[in-house]
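Undergrad: Have a look at this one before I ask anything.
The values are calculated or read from the model by the stated rules, or taken from the named source; none is laboratory data. On a predicted model such as this, the values are computed, not experimentally measured, just so you know. Cβ sites come from the backbone with ideal geometry, for glycine too, and all protein chains shown count toward neighbours. Surface areas here come from the heavy atoms of the whole protein model, side chains and all, with no ligands, DNA or RNA. Shrake-Rupley method; radii C 1.70, N 1.55, O 1.52, S 1.80 Å.
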Amino acid sequence: MEKSRPLWDNPLQFVFACISYAVGLGNVWRFPYLCQMYGGGGFLIPYFIMLVVEGMPLLYLELAVGQRMRRGSIGAWKMISPYLCGVGVASVVVSFFLSMYYNVINAWAFWYLFHSFQDPLPWASCPLNGNRTGDEAECARTSPTQYFWYRRTLNIAPSLEAAGALQWEQALCLTLAWLLVYLCILRGTESTGKVVYVTASLPYCVLIIYLIRGLTLHGAVNGLIYMFTPKLEQLANPKAWISAATQIFFSLGLGFGSLIAFASYNEPSNNCERHAVVVSLINSATSIFASIVTFSIYGFKATFNYESCMSKVILLLTNAFDLEEGSLTADNLGAVQGHLQAAHPQRYAELQPQLKNCSLEAELDTAVQGTGLAFIVYSEAIKNMEVPQLYSVLYFVMLLMLGIGSMLGNTAAILTPLTDSKFIASHLSKEVVSGLVCFINCIIGLIFTMEAGNYWFDIFNDYAATLSLLLIVLVETIAVCYVYGIRRFEKDLHTMIGHKPSWYWKVMWAFASPLLIISLFIFYITDYILTGTLQYQAWDAAQGQLVTKDYPGYALAVIGLLVAASTMCIPLGALLTLARRRLRRGRARPVA
């Protein structure tokens, strides 16, 4: 079904849509974590190499395919070859899985946003126990921010087996998140054109505000020094290169079908090559920009915790040994401790269990990603800022905009193939199709609002897309270069943008990118095999910390189904097409 008119009012709107989709939570919470894990500024070397070898070429390929075929993912790959219809179906299945759990993050952002108007913030201190004689026991064993996340927000179960009840507050927030998504896509993907200006630009405004505030925080410089000090020995670590390639791959949203869907509404003469380069560079620049903001916050939080730790040790020693007030400082603490240990060994030994080893480097080395960074570390830093309510509202509004922007792309990947179908388009309006997609996702997503819902969230986040997307993009690249034909593709690009692709693009498409994807695929398969029994992190309320547990058998079965549900679409699509063609030939054959 040919698009009757382009969706985008102008090329800039298309770029905003791609940025809104590609620049998501991964730029804010995963890239800083990888920088921290793999050598600070040194991680940028493999990251930019992977951007050139993998990111830009594959983004250009998907945009060009969508713009040339003017179809969603299913129709586009079916036009290249009927045997490739399963590739588009696999993309839709992965996007459906992603939509099911991804909007839960927006629900959590709504929950924190609503609580951000309280004074003091509810995660600033521990609640009182039932007798009102002290802090609640679980909170006393951990921290107020962790308690608010694990107990007040998730009300998390002790294990995956203890499913627990539905949390109605989280269910309402999830419903609100899906209602907001529905209002943004009310008339199908066409209505996203106006929304993307807000979802793409507002996060940058908030990041700029946070950058100004972050750089003025006490200790911010410690975080920035930590970030930009390269640990070049990490360049010899293969996991640093694998992580850089994976970050590029997923932060650009390759393989989901969203970029093909967006590009299918472009004018045929749109310069998709320029837009691929622009979107890739903006996405990477945003990751670095967000890391500067994050590490300034890290530095503030680490310095605050380090100085608080030092103050407690100084107070404890001053009171225990009747030292003159002010005589013990952070500068002479080590020397005084050595003297006290030598002069009063027995008394010092009694105090030893209460004396914490305060280290700024250890605080900065604490690596956190995902929800732990978004909802615990940032909350911990925000509560210690001046006017914390203001910065809390700004931060969670930014998370919402990033999340909604990504959801617009995810739902576009589902809706575009559906509205391309003549059968569906003739029986259901775009509003109804959009509503059904949102309703079904919302109902299934209620699983993630149960007491064990966060464990299921981690399963979907870790296993629903990784291997599937690698296989999808590998088949896409091979299909364009060796099934459709790279010379034929060259001619299409010449017709669309006025010139043929340079040798760089052709080498990347035909050789470098497929080899890199195959290497990633082998790495993940090998890693899963070597890992043995898959494990997850469960919250232990008695200890006030996360503990490692093995996944039960039924969870492993679900993981297997998640991977198979999308990957098997590719061979099944080819087999069904082959069977259908042979059946038609059999019927067309004349009877003797």
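Undergrad: Please identify the cysteines of the chain that lack any partner cysteine with a Cβ under 4.7 Å from their own Cβ.
TA: 18, 35, 85, 173, 184, 205, 272, 438, 442, 481, 569
Undergrad: Sticking with this structure for a sec: Summing Lys, Arg as +1 and Asp, Glu as -1, what charge do residues with Cβ under 11 Å from the Cβ of residue 477 carry, residue 477 excluded?
TA: -3
Undergrad: Under a Cβ-only charge scheme (Lys and Arg +1, Asp and Glu -1), can you give me the dipole magnitude of region 1-157 about the Cα centre, in debye to the nearest 20?
TA: With only Lys, Arg, Asp and Glu charged at Cβ, the dipole is about 440 debye.
Undergrad: For Cα extents along the principal axes in Å, several values are listed as [x] 107, 61, 60; [y] 128, 68, 62; [z] 109, 51, 47; flag the one computed from this structure.
TA: [z]
Undergrad: In whole Hz and in residue order, list the ³J(HN,Hα) couplings for region 372-384 that follow from phi through the Karplus curve 6.51 cos²θ - 1.76 cosθ + 1.60, θ = phi - 60°; x for Gly and Pro.
TA: Once θ is set to phi - 60°, the couplings for region 372-384 become x, 6, 5, 10, 10, 5, 5, 5, 4, 6, 4, 5, 9 Hz.
Undergrad: Something else: Multiply the residue gap between residue 504 and residue 526 by 0.36 nm, knock off their C-alpha separation, and tell me the result in nm, one decimal place.
TA: Roughly 4.8 nm would be gained on extension.
Undergrad: Right, here's the next one. So for region 166-314, taking the charge dipole from beta-carbon charges (+1 Lys/Arg, -1 Asp/Glu), which of 313, 286, 250 sits furthest toward the positive end?
TA: Sorting the options by dipole projection puts first 313.
Undergrad: Right, something else. How large is the direction-averaged shadow of the alpha-carbon convex hull of region 409-555, in nm²?
TA: Its average projected convex-hull area is 14.0 nm².
Undergrad: While we're on this one: What does the net charge come to around residue 151 if you take all other residues with beta carbon closer than 15 Å to its beta carbon, with K and R at +1 and D and E at -1?
TA: Summing Lys and Arg as +1 and Asp and Glu as -1 gives -4.
Undergrad: Right, next: Using the charge dipole of the chain (Lys, Arg: +1 at Cβ; Asp, Glu: -1 at Cβ; taken about the Cα centre), state which of 85, 583, 514 has its Cα farthest towards the positive end.
TA: With unit charges placed on the Cβ atoms, the residue in question is 583.
Undergrad: Also, I was wondering about something else. Could you derive backbone 3J(HN,Hα) for region 511-525 from the dihedral phi with the Karplus parameters 6.51, -1.76 and 1.60 (θ = phi - 60°), listing whole Hz in sequence and x where the residue is Gly or Pro?
TA: Calculated HN-Hα couplings, in order: 10, 4, 5, x, 4, 5, 5, 4, 4, 4, 4, 4, 4, 5, 4 Hz.
Undergrad: What is the extension gain from residue 444 to residue 565, computed as 0.36 nm multiplied by their sequence separation minus the C-alpha to C-alpha distance, in nm to one decimal?
TA: Answer, rounded to one decimal: 41.9 nm.
Undergrad: Any idea what the relative contact order of region 128-224 is, in percent, if you count C-alpha pairs under 8 Å spaced at least 6 apart?
TA: Once normalised by length, the contact order is 9 percent.
Undergrad: Toward the positive end of the charge dipole of the chain, about the Cα centre and with charges on Cβ (Lys, Arg +1; Asp, Glu -1), which of 467, 568, 220 goes farthest?
TA: Positive-most Cα among the choices belongs to 568.
Undergrad: Straight-line reach from residue 506: which lysines fall under 20 Å, measuring Cα to Cα and dropping same-chain residues less than 8 apart?
TA: Those lysines meeting the cut-off are 491.
Undergrad: Could I ask something else about it? What FRET efficiency do you get for residue 235 and residue 208 if R0 is 30 Å and r is their Cβ-Cβ distance, rounded to the nearest 0.05?
TA: 0.40
Undergrad: Continuing with the same structure: Give the accessible surface of region 32-111 per residue, rounded to a whole number of Å², with probe radius 1.4 Å and ligands, DNA and RNA excluded.
TA: Counting only protein heavy atoms, the per-residue value for region 32-111 is 21 Å².
Undergrad: Right, here's the next one. With a cut-off of at most 12 other beta carbons within 10 Å, and DSSP calling the residue loop, which GluC sites (Glu not before Pro) in region 348-448 qualify? Please list them.
TA: Within region 348-448, the qualifying GluC sites (Glu not before Pro) (loop, at most 12 other Cβ atoms within 10 Å) are 386.
Undergrad: Now, a different point. Using the beta-carbon distance between residue 554 and residue 324 and R0 = 51 Å, what value does 1/(1 + (r/R0)^6) give for FRET efficiency, to the nearest 0.05?
TA: Plugging the Cβ-Cβ distance into 1/(1 + (r/R0)^6) gives 0.20.
Undergrad: I've got another one for you. Hey, can you rank 577-586, 24-33, 80-89, 252-261 by average C-beta count inside 10 Å, highest first?
TA: Going by the mean number of other Cβ atoms within 10 Å, highest first, we get 252-261, 24-33, 80-89, 577-586.
Undergrad: First measure r as the distance between the Cβ atoms of residue 537 and residue 125, then evaluate 1/(1 + (r/R0)^6) with R0 = 30 Å and state the FRET efficiency to the nearest 0.05.
TA: Step by step, r from the Cβ atoms, then E = 0.75.
Undergrad: Just in region 1-72: which GluC sites (Glu not before Pro) are loop by DSSP and have at most 10 other Cβ atoms within 10 Å?
TA: When the GluC sites (Glu not before Pro) of region 1-72 are filtered for loop state and at most 10 Cβ neighbours within 10 Å, 2 remain.
Undergrad: At what distance in angstrom do the alpha carbon centres of region 499-517 and region 58-85 lie from each other?
TA: Centre-to-centre distance over Cα atoms comes out at 17 Å.
Undergrad: Sketch the reach of a paramagnetic label on residue 228 as a point 7 Å from Cα along Cα-to-Cβ, and name the residues of region 28-51 whose backbone nitrogen lies under 13 Å away.
TA: Once the point is set 7 Å along Cα→Cβ of residue 228, 41-42 turn out to lie under 13 Å by backbone N, inside region 28-51.
Undergrad: For the chain, what is the charge dipole size about the Cα centre, in debye to the nearest 20, if Lys and Arg each add +1 at the Cβ and Asp and Glu each add -1 at the Cβ?
TA: With Lys and Arg at +1 and Asp and Glu at -1, about 3320 debye.
Undergrad: Give me the distance in nm between label points sitting 7 Å out from Cα along the Cα-to-Cβ direction at residue 494 and residue 352, one decimal.
TA: Each label point lies 7 Å from its Cα, and together they span 8.0 nm.
Undergrad: Give me a comma-separated list of calculated 3J(HN,Hα) values for region 16-31, in order, Karplus coefficients 6.51, -1.76, 1.60 applied at θ = phi - 60°, integers in Hz, x for any Gly or Pro.
TA: Whole-Hz 3J(HN,Hα) from phi for region 16-31: 4, 5, 5, 5, 4, 6, 6, 7, x, 5, x, 5, 8, 10, 9, 4.
Undergrad: Does a label point 7 Å from the Cα of residue 458, set along Cα-to-beta-carbon, have any residues of region 139-179 with amide nitrogen under 12 Å, and which are they?
TA: 157-161
Undergrad: Next up: Please list, ordered by chain and number, the residues whose modelled amide H lies under 5 Å from the amide H of residue 545; skip anything fewer than 5 residues away on the same chain.
TA: Amide H neighbours of residue 545: 540.
Undergrad: Counting only other residues whose beta carbon sits under 11 Å from that of residue 127, what net charge do I get with K and R as +1, D and E as -1?
TA: 0
Undergrad: Now for a separate question. Once the Cα gyration tensor of region 130-186 is diagonalised, what are the square roots of 5 times its eigenvalues, in whole Å and ordered largest first, as equivalent ellipsoid semi-axes?
TA: So the equivalent ellipsoid measures 31, 15, 10 Å along its semi-axes.
Undergrad: Let me ask something additional. To the nearest 10 square angstrom, how much accessible area does residue 491 have with a 1.4 angstrom probe?
TA: 130
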